[in-house]
Every structure is written in C-alpha cells, then in structure tokens.
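The values are calculated or read from the model by the stated rules, or taken from the named source; none is laboratory data. Note that the structure is predicted; figures quoted are calculated from it, not measured. Note: ideal-geometry Cβ built from the backbone for every residue, glycine included; neighbour counts use all protein chains shown. These accessible areas exclude ligands, DNA and RNA; they are computed on the full protein's heavy atoms, side chains included. Shrake-Rupley method; radii C 1.70, N 1.55, O 1.52, S 1.80 Å.
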Amino acid sequence: MSVHIGLPSEVSSILRRLTLAGHSAYAVGGCVRDRLMGRVPSDYDITTSALPEQTQELFSDCRLVLSGLKHGTVGVIVGGSVYEVTTFRTDGSYGDGRRPDSVSFTSDISDDLARRDFTVNAIAYSPELGLVDPFDGYGDIKRGIIRTVGDPLRRFSEDGLRILRLARFCSTLGFEPEEASLSAAKELKHMLKKVAAERISEEYIKLVCGENADRAFLLCRDILSSVLPGLYPTVPLKDRSDSKAVRLALCGGTKGLKVSNDLKKRVDLLLSAEPPQNDRISARRFLSVYGADMLEDIFACFRARGVSDADGLEKLCNRVLAEGDCISLSELAVKGDELPTSGAETGILLKKMLDAVIDGRIENTKEELLTKGLNL
Ligand code: ATP
Ligand code: MG
C-alpha cells in the first residue's frame, strides 16, 4: 500500500540500523494508528524479526533497558527517549485471563500483528514497504470502528483488559465499537475481575480524559459499572482542556482506582469544593482553603456543574490573588517567633490572625498584628 507517514528521525534511524543488518523492522501499533489519524503519538514502538540478543548487539553503543527482555523487548534509549524494540512474537495460551503463559518469537510480521488487540492497533509501517495491514485496520480507522483482531469472544477471554481498552479507544479515538466486539465485551465483562487494579486504573484514566468519554460511558455503561461501580459522569464532559483530576471528579471520584495520594487528594477536594459568595472576603476565605494552584481545576468543575456566574467568581478570585491579598499563614506580616507565645499557642494565634486579616478585621501589618492581633 503506498501510504507514507512521517516518523521521527530517531525511529527512522533505529529501523534503518535493523534493516541494514538484514532484519525486518517496522513502527507498529498505536504510533502508526495515531499518525494515520493525524494525531501525535504518545510513544513509538518498533517490531522486528531480530531476536532480542541481536537487537542488544546491534545497539550496544546505546543505553538499553532490559526489563522487558523475557517478552522480547529491548528498550533503546536515543536522544533521551526510550524506544521499545520487540521481536515479532506470537502469544501462547492464556491460562490466567490476562497474560500469555508463554511467548514465542516468529519471523513473520503477520503473526505478530495477529496477537494485537484491535485492527486499528494491528498495523505496521516501514518507510520502504509502507503499511502492513492484514486486518484492514486502516479501513477501520477511516470508518471510525473499533473491532478485535479475530473472534472477539476468544480475544476478550484471553485477556480481560482488552474489554476496558475497547471502551478506552471509543473515548480517545471517537470510534464506535463494532457490534460483535461490543456485545462480546459486555458478555465477558466479568473477565475484568482478573485484571490488576493498576492496569484498570491506567485504562480508565485514559478513558475519562478522552474527547468522547461521554459516548464511551454510555455505550459501555454495564462494563464500567461492573468493574468500577459508582463511577459515572454526573455532567456532560465537554471541555477538552479539562485536567485528569477534573475529569475524574466529574465522573464521581477515584473509588476503586489505584492512583497516587496526591491525585486522590486533589480529586476529593474538587468533589467537596463549593463556590464562594461574590465578595472579596468570601473569595479570600475560599482561596485560603483551596490554594491558588487548585483554582483552574475547581472552576472547570464549577463550570461543568453549571454553577451560576462561575466566570465572574473566577475573575474575582484571580483579582484577589493578583492584588496580593493575604490568604495564607506564610503571607502574614508576622512570623511565629515574633509573637510572645510558645508551642501550640503560637499556631493557634497565627491562625486567628489570618482569619481576622481575611475577614478584614485587622490590617496585615506588623504594627496591627502585634497590637490588636495579640488580643484576638
Ligand atoms: P496509547 O496511545 O495509549 O499508547 P497504544 O495503542 O499504543 O495506545 P499501548 O498500551 O501503548 O497502546 O500498546 C501498544 C500496542 O500493543 C497496541 O497498539 C497494541 O497493538 C498492542 N497491545 C497493547 N495492549 C494489548 C493487549 N492487552 N492485547 C493485545 N495487544 C495489545
Ligand atoms: Mg502506545
């Protein structure tokens, strides 16, 4: 097929080195799909007939990552990025519903493409040979369809994670699932119980951040509610610039997800935040609770929830910040060691002072704080 796609020079040079040594080599999977769709790939994977030890030998002048060696993957570091170079592989039987019991290497690219989850992800590309696309993945890209490679019941039984990946790609690519793939995914949704929480969480987060998350939730409601009960969008997810935390909050939070404590805390705050009144003191109090760095996300949630005059309130908060109003202990004009108190009392007094300054009862100056402030 005479389709040509641009590859970064690092990828082209890895492919060239492999082919000059007599091996076949292609860019494969998500990066080819994304380039065909005019999107920017998140990473580039390379597939090759070279055996892992041959790849290692060939790139012995580069730093290598060898943690994936038993699956045939050699990570080659070029220009600070890792490119995964994986030997053409077929997967053995799937005893555990998630990972193949064994993998074996093959010299045929078609075998490697056949083990991949969806037709749109089963396309390889080389600058010399163009596309290798035995399952018409490019046709499905043009039609906007997600379809498993081969019988969906078999493919989802092999690896339950693919069920959630189906929903995820509907969301991120804006594609519709092919009918047989969707009904097999629904029928086998219990397979997701065998999948590690980390993997579920990764795919779910990609799903909620997708442009068509609403549609994916609608189509895959049964699947999602069986694996992550209670997580469903409470409002339409329209704003493309939403952060991950905003999207998670608008979909009910992080219950059942394996996410960092920081992200969980942020999402919980977004879920609990209520808008301030439209006056300076309320805005200061609001800012003192949530901090400046939460502002954008909080107002994105307010807007999505339809809070009235969210834009006006956000402007007010930004003005309060820009004009340097005191909203935190570190901005008070006195420090703890300037007070006549000690220990826990100092903390209590500083907090009272901050409250008084926020409420406008005293000025944030050393004189006022060390006179009126001491009588609070
Ligand atoms: P992203 O843009 O999020 O990276 P991706 O399609 O590249 O999407 P990856 O998880 O990076 O997804 O996987 C790379 C490729 O490996 C996929 O495109 C697909 O060909 C194959 N693949 C990944 N996970 C599976 C799976 N569970 N079963 C079969 N093939 C898979
Ligand atoms: Mg990828």
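If each DSSP helix of 4+ residues adds -39,500 (n - 2.57) and the sum is divided by the residues in the chain, what number results at 222 nm, nearest 500 deg cm²/dmol?
On the way: 18 runs with 169 residues, N = 376.
Computed mean residue ellipticity for the chain: -13000 deg cm²/dmol.
Going 7 Å from the Cα of Met37 in the Cα-to-Cβ direction, what parts of region 184-206 have a backbone nitrogen less than 16 Å from that spot?
203-206
How much of the accessible area of region 332-375, probe 1.4 Å, is carbon plus sulfur, in whole percent?
It is 55 percent, rounded to a whole number.
What distance in nm separates the two pseudo spin-label positions at Lys352 and Ser308, each 7 Å out from Cα along the beta-carbon direction?
Calculated label separation equals 3.9 nm.
Whole angstrom only: what separates the Cα centroid of region 139-204 from the Cα centroid of region 1-56?
Result: 25 Å between the Cα centres.
For region 332-375, what Kirkwood radius comes out of the mean inverse Cα-Cα distance, in Å?
10.1 Å
Among 164-172, 298-306, how do they line up from the highest to the lowest mean number of other beta-carbon atoms within 10 Å?
Numbers: 164-172: 25.6, 298-306: 19.3.
The densest-packed peptide leads the list: 164-172, 298-306.
Run through all the Cα pairs of the chain and give the fraction in each 20 Å bin from 0, expressed as whole percent.
P(r) for the chain, in whole percents per bin: 24, 42, 24, 10, 0.
Keeping all protein chains in the complex and leaving out DNA, RNA and ligands, what accessible area do you get for His190 with a 1.4 Å probe, in Å² to the nearest 10?
Counting only protein heavy atoms, the figure is 100 Å².
Excluding ligands, DNA and RNA, what is the solvent-accessible area per residue of the chain at a probe of 1.4 Å, expressed in Å²?
Values: 17840 Å² over 376 residues.
Spelled out: the 1.4 Å probe surface of the chain, per residue, equals 47 Å².
Would you list the membrane-span-like helices of the chain, meaning whole DSSP H runs whose alpha-carbon atoms span at least 20 Å along their axis and whose mean Kyte-Doolittle value is at least 0.5?
Length and hydropathy pass: 344-358.
How high is the relative contact order of region 1-159, in percent, counting Cα pairs under 8 Å that sit 6 or more residues apart?
Values: 295 pairs, mean separation 34.9, N = 159.
RCO, region 1-159: 22 percent.
Give Lys142/Lys255; Lys255/Lys315; Lys238/Lys264; Lys70/Lys206; Lys186/Lys255 a once-over and call out the pairs whose C-alpha atoms are over 25 Å from each other. Could the numbers behind the result be given before it?
Values: Lys142/Lys255 36 Å; Lys255/Lys315 32 Å; Lys238/Lys264 22 Å; Lys70/Lys206 27 Å; Lys186/Lys255 22 Å.
Those over the limit are Lys142/Lys255; Lys255/Lys315; Lys70/Lys206.
Normalising by the residue count of the chain, find the relative contact order in percent from Cα pairs under 8 Å and 6+ residues apart.
9 percent.
So, with a 1.4 angstrom probe, what is the percent of accessible area on region 145-254 that is carbon and sulfur? List each step's numbers first, then the result.
Values: 2190 of 4400 Å².
Percent of accessible area from carbon and sulfur atoms in region 145-254: 50.
Net charge around Phe88, counting only other residues with Cβ within less than 15 Å of its Cβ (Lys, Arg = +1; Asp, Glu = -1)?
After counting each charged neighbour, the total is -4.
Considering the options Ser24, Ser110, Ser9, tell which one lies farthest towards the positive end of the dipole of region 9-143, charges being +1 on Lys and Arg and -1 on Asp and Glu at the Cβ, about the Cα centre.
Ser9
With +1 on each Lys and Arg Cβ and -1 on each Asp and Glu Cβ, how big is the dipole of region 9-143 about its Cα centre, in debye rounded to the nearest 20?
Value, rounded to 20: 280 debye.
Could you point to the residue in Ile362, Ser330, Gly347 farthest towards the positive end of region 324-376's charge dipole, with +1 and -1 charges on the Cβ of Lys/Arg and Asp/Glu respectively?
The Cα lying farthest towards the positive end belongs to Gly347.
At 1.4 Å probe size, with the rest of the protein present, what percent of the exposed accessible area of region 9-143 is carbon and sulfur atoms?
Carbon and sulfur atoms account for 46 percent of the accessible area of region 9-143.
What distance in nm lies between label points placed 7 Å from Cα along the C-beta direction at His190 and Ser272?
Simple spin-label model gives 3.9 nm for this pair.
Taking the convex hull of the alpha carbon atoms in region 164-263, what volume per residue do you get, in Å³?
It comes to 82 Å³ per residue, whole-number rounded.
Work out, step by step, the length gained on full extension between Asn375 and Leu153: first 0.36 nm times the residue separation, then minus their alpha carbon distance; give nm to one decimal.
Gain on extension, Asn375 to Leu153, equals 72.5 nm.
Using Cα-Cα distances under 8 Å and only pairs 6 or more residues apart, what relative contact order does region 273-322 have, in percent?
49 percent
Taking a cut-off of 12 Å, what percent of all Cα-Cα pairs in region 1-53 are separated by more than that?
Tail of the P(r) past 12 Å holds 65 percent of the pairs.
From zero up to wherever the largest Cα-Cα distance of region 1-116 sits, split into 10 Å bins and tell me the percent of pairs in each.
Histogram of Cα-Cα distances, whole percents per bin: 14, 45, 33, 8, 0.
Looking at region 90-177, what % of the alpha carbon pairs are farther apart than 23 Å? It would help to have the intermediate numbers written out before the result.
Numbers: 945 of 3828 pairs.
Percentage above 23 Å: 25.
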